[in-house]
Amino acid sequence: MQPWFEDLAPGYRVDSQPRLVTQQEIVAFAQLWDPQPFHTDAEAARDSAFGQLVASGTHMHALMMRLGFDADVLRGKSEIGLGVYEMRFLRPLTPGTTITARFTVVSLRPSASRPANGVVRWLAQLRDGQGAVLFSAIVAALHRRRP
């Protein structure tokens, strides 16, 4: 069950379930949203700075959002997204990688304009199976307080 704002504290952490990212998914996402050759064509990607096909940074952000939703971090009592800050693409996400998302509370404060809510800032990270951080960002959201 998702905690109320008052149950959260800096350091509170939620880890998502693992998810395999396939070459087909990387290519399909990139064809719609970021059709650079190193995201859409494995052969062309060999001549890129990555040397292989890699997921778009936009795709990594979308995966973080989906895994956060599925892990009950970014839905339910977390009502409204306020912003994404300090987004970093730290390592490439390659086909066949199993990822997890980790969400750690960085800070909280009561909302000045919405007394029924508090503002939670999460450090969101995508990690590979060895624990290496591929993507990170600070995600701010309005979170429901106890009635």
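Just so you know, all these numbers are worked out from the coordinates, no wet-lab data involved. Everything numeric here is computed off the predicted structure, so don't read it as measured data. Positions of Cβ are generated from backbone atoms using ideal geometry, with glycine treated the same way; all protein chains shown enter the neighbour counts.
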Given the convex hull over the Cα atoms of the chain, what projected area results after averaging over all orientations, in nm²? 9.1 nm²
Starting with the fewest neighbours, write out ILE80, ILE99 ranked by other beta-carbon atoms found within 10 Å of each beta-carbon. ILE80, ILE99
Which value, to two decimals, describes the C-alpha radius of gyration of region 27-105 once divided by 2.2 N^0.38 Å? 1.25
Taking the Cα centre of region 5-144 as the origin, how large is its charge dipole in debye, to the nearest 20, when only Lys and Arg (+1) and Asp and Glu (-1) carry charge on their Cβ atoms? 500 debye
Which one of GLY11, TRP33, ALA44 has its Cα pushed farthest toward the positive end of the charge dipole of the chain, where Lys and Arg give +1 and Asp and Glu give -1 at the Cβ? GLY11
Picking from ALA71, ALA55, GLY96, whose Cα lies most toward the positive end of the charge dipole for the chain (charges on Cβ: Lys, Arg +1; Asp, Glu -1)? ALA71
Label-point separation in nm, GLU25 to ILE80, each point 7 Å along Cα→Cβ: 3.1 nm
With n ≥ 4 as the cut-off for DSSP H runs, can you work out [θ] at 222 nm for the chain, using -39500 (n - 2.57) per run divided by the number of residues, rounded to the nearest 500? -6000 deg cm²/dmol
Least to most buried among THR104, THR97, THR22, THR40 (fewest other Cβ within 10 Å first): THR22, THR104, THR40, THR97
Extension length gain for MET1 and ALA62 (0.36 nm per residue less Cα distance), in nm, is 19.6 nm
